Every structure is written in structure tokens, then in C-alpha cells.
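In what follows, a structure is listed as C-alpha cells, so that the remarks can point back to it.
The values are calculated or read from the model by the stated rules, or taken from the named source; none is laboratory data. Model, not experiment: these values are computed from the prediction. With ideal geometry, Cβ positions are generated from the backbone for all residues, glycine too; neighbour counts draw on all protein chains shown.
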Amino acid sequence: MESAVTSKRRAVDNIAISYTGIFDTEILSVLAKEIEGTLSPDDKVNKKVFKIFIELAQNIAFYSLEREANAEGSDTGVGTMVIKNFDDHYVFSTGNKTTMENIIPVMEKCDNINSMSREKLREYRRLQRNMPAGEKGGGNIGLIQVALTASNPLEYSLIKCPDGTYFYIISVRIDKE
Amino acid sequence: MMEDIHIEGVHEAYFTPTVNFEASTGRCEISGESYLEETSKFYARLIDWLKRYIANVKGPLSFDFKLSYFNTSSSKCLVDILDVLKNYQNAGGEITVNWYYDDSEEELEEVEDFILETGLDINKIPME
């Protein structure tokens, strides 16, 4: 298992919390506590970051190409989470390995979500919520929720890895009130 | 005589909401936080209880939602509960639904979307 690093180096490079490794339940709960309790003095902002964290972290656990067995032996996704702290906002990012084939539909979903007004997005969420609980495309409502919670667009980038796979990064800005 | 449901909320790696469903009065409450490992399974038990109450007891239902957090998987199941309540109301059942929301614009929007989505009258009450 890769070493799990949670660091607080606010002054150096704006990083409030960062983590790379397996996204299993136990680690997620440690990160969740950190976000809920200590990220910012404003509980409302912490709650927003927490809500975004839950949805995006689950995507890594389910869909990351890089996988490891957790302590109980069940197969879980590996990825990275970084929260940066700026004067008037946070930037929440997650990254994970993927293939071009798997990530194209996700990027299209992000573009689609970013093109919608808040009203349209809410309508889209209502529609998605009434879809039967299927495994495929299940990440859709999570991404809609992230955009609605942050009230900011979903930014993404794709980095080609030497082994021919890709590293997908999704970031969202959360304004401090 | 129908059984009640009492589930004590847990805030650990996952968050189980506190649930109190009372068959003798038709008073139901879900409170706390909902982020579960097996979301559908957890809510299936609650929906089954409601359906049996509606079929057998046929009494009034007063439902309080007091959730300070629920993830998107939970929200799908909450819509399923609201649909059951709406169907009962359409069939002549006496229904009251109170939704206590964390006082923010986003969470108020979420309740309004539940109303639009299900066509159910829901009383929107800001949480203390």
C-alpha cells in the first residue's frame, strides 16, 4: 500500500489538506472529519466542501483505474485529493487514473453541466433522481450535486501517463461567504 | 398490531440516520445524517413499513424529515418515500410532511425541488 500523507502546509503552497492513496471507507472518514471539523472557521463552508468531498471521493473509490485491496481485502480505487486555501475561496480537487474510453463521457457530462443555468441544473437533478437506481451513469447526479453545491463550474484536465493511461483531475472552487 | 421502527443514528465511517416510526400514531421521523454503505437496503425497510402501514392500519401519517446531511444516493431514496406518501394522499390518506432544512439557500432549493419532483405539499421549516 502507498503511504498515506495528510499534510497541513498552508503557508507554503496554499495546501490545506492533501492525500494520495486508497479511497477506502476508513480513510475517507478520517478526511471527512478533518474537513467537517477543522478546514475553515465557517461551518457552512465546511459543509459545502464536505458534501463535494463525499460525492467525488465515491467516484474515485468506484471508478479509479488504479486499484488496491483495503484492510478487509475488498477492491478499492486509488487516487488523490487536494484542498487549497486562498483568501476568498477554497479549491477542491480530486485526481485518479483512467482510460480515454472511460473518461470521455465524464468530461462530456462536466461540459453539459457547466453549460446549464442553476434552474436548468436543478431540473436536471430532479430528472436524474427519478431515474431507476442503475450502476451505470450513477456518477451523474453526484457531479450535478457538486456543481450546485459549489455554485461554480466543474474544471477538469487530463494528463497522459507514460504507461498510456490518463490521470484525470476535477476541480471546483468554493467561495468563502 | 404493527411493530414500530426505532433506529439509533450512528456517525462513524458511514452515517446512519435516527429513525422513529410509530404504528399506533402514524408519527414518523428521520433525523441526523444519511450517508450509508447500503442505501437502498436501509431505506427499503422503511418503505416496506410505510406500505404495510398504509395497507393495514390505513391511519394518518405525519412525517418529519430533520436531516442535516444526506448524500445523493440517499436523496433518491427520500424521493421514493415521498412518492409513497403522495400515492397514499391521492388515495385519500391523511398526510402531513414537515421538512426541517439547514438554513441556507441551497438546502431550501433542495426542499423546493422535492416538492416539484413529487407534487407533495411539504412544510418547509428552518432548523433551529
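Of the residues that sit in region B:76-111 and are charged (D, E, K, R) and over 15 Å from the mean Cα position of the chain (by Cα), which one is farthest from the other protein chains (Cβ to nearest Cβ)? Full working, then the answer.
The initial filter retains those residues of region B:76-111 that are charged (D, E, K, R), namely B:76, B:80, B:83, B:86, B:94, B:102-103, B:105-107, B:109-110.
When the remaining residues are screened for being over 15 Å from the mean Cα position of the chain (by Cα), the result is B:94, B:102-103, B:105-107, B:109.
Values: B:94: 26, B:102: 8, B:103: 9, B:105: 9, B:106: 6, B:107: 9, B:109: 6 Å.
So, considering only residues that are charged (D, E, K, R) and over 15 Å from the mean Cα position of the chain (by Cα), the one farthest from the other protein chains (Cβ to nearest Cβ) is B:94.
A quick yes/no check of all residues on (1) within 14 Å of chain B (Cβ to nearest Cβ); (2) surrounded by 13 or more Cβ atoms within 10 Å (Cβ to Cβ):
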| site | (1), (2) |
| --- | --- |
| A:74 | yes, no |
| A:83 | no, yes |
| A:99 | no, no |
| A:121 | yes, yes |
| A:146 | yes, yes |
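Examine region A:50-60 for a residue that is over 15 Å from residue B:33 (Cβ atoms), surrounded by 21 or more Cβ atoms within 10 Å (Cβ to Cβ), within 12 Å of chain B (Cβ to nearest Cβ) and out of contact with any helix residue (DSSP H, G or I) (no Cβ under 6 Å at 6 or more places or on another chain), and state whether such a residue exists.
There is at least one residue in region A:50-60 that is over 15 Å from residue B:33 (Cβ atoms), surrounded by 21 or more Cβ atoms within 10 Å (Cβ to Cβ), within 12 Å of chain B (Cβ to nearest Cβ) and out of contact with any helix residue (DSSP H, G or I) (no Cβ under 6 Å at 6 or more places or on another chain).
Just for helices (runs of 4 or more DSSP H) wholly inside region A:76-177: which have at least 3 residues that are under 28 Å from residue B:41 (Cα atoms) and not small (Gly, Ala, Ser)?
On the way: elements: A:100-114, A:118-129, A:139-150.
Of the helices (runs of 4 or more DSSP H) lying wholly inside region A:76-177, those with at least 3 residues that are under 28 Å from residue B:41 (Cα atoms) and not small (Gly, Ala, Ser) span A:118-129, A:139-150.
Every residue in region A:69-88 that is closer than 15 Å to residue A:155 by Cα and not hydrophobic (A, V, I, L, M, F, W, C), please.
Our first condition is that a residue be closer than 15 Å to residue A:155 by Cα; within region A:69-88, this holds for A:81-84.
Matches in region A:69-88: A:84 only.
Taking residue B:45 and the conditions (1) within 29 Å of residue A:76 (Cα to Cα); (2) within 14 Å of another protein chain (Cβ to nearest Cβ), which numbered condition does it fall short on, given that it satisfies the others?
All conditions are met except number (2).
Please verify whether region A:5-27 includes one or more residues that are of a type in the set (Asp, Glu), within 22 Å of residue A:156 (Cα to Cα), at pLDDT below 90 and in a helix (DSSP H, G or I).
Going residue by residue through region A:5-27, those that are of a type in the set (Asp, Glu) are A:13, A:24, A:26.
From what's left, within 22 Å of residue A:156 (Cα to Cα): A:13.
Those still in the list that are at pLDDT below 90 too: A:13.
The next check asks that each one be in a helix (DSSP H, G or I); those that pass are A:13.
Yes, because at least one residue in region A:5-27 is of a type in the set (Asp, Glu), within 22 Å of residue A:156 (Cα to Cα), at pLDDT below 90 and in a helix (DSSP H, G or I).
Only one of these conditions is not met by residue B:73: (1) of a type outside the set (A, V, I, L, M); (2) more than 14 Å from residue B:16 (Cα to Cα); (3) within 10 Å of chain A (Cβ to nearest Cβ). Which number is it?
Tallying (1) of a type outside the set (A, V, I, L, M); (2) more than 14 Å from residue B:16 (Cα to Cα); (3) within 10 Å of chain A (Cβ to nearest Cβ), residue B:73 fails exactly one: (2).
Criterion first (more than 14 Å from every other protein chain (Cβ to nearest Cβ), free of Cβ contacts under 8 Å to residues at least 12 places away in the same chain, over 14 Å from the mean Cα position of the chain (by Cα) and farther than 18 Å from residue A:51 by Cα) does residue B:128 satisfy it?
Values: more than 14 Å from every other protein chain (Cβ to nearest Cβ): yes; free of Cβ contacts under 8 Å to residues at least 12 places away in the same chain: yes; over 14 Å from the mean Cα position of the chain (by Cα): yes; farther than 18 Å from residue A:51 by Cα: yes.
Considered against the rule, which asks whether it is more than 14 Å from every other protein chain (Cβ to nearest Cβ), free of Cβ contacts under 8 Å to residues at least 12 places away in the same chain, over 14 Å from the mean Cα position of the chain (by Cα) and farther than 18 Å from residue A:51 by Cα, residue B:128 comes out as yes.
Go through A:88, A:42 for me and flag whichever is more than 14 Å from chain B (Cβ to nearest Cβ) and more than 28 Å from residue A:164 (Cα to Cα). If you could, list the steps in order and put the result at the bottom.
Numbers: A:42 fails: more than 14 Å from chain B (Cβ to nearest Cβ).
Of A:88, A:42, the one residue that is more than 14 Å from chain B (Cβ to nearest Cβ) and more than 28 Å from residue A:164 (Cα to Cα) is A:88.
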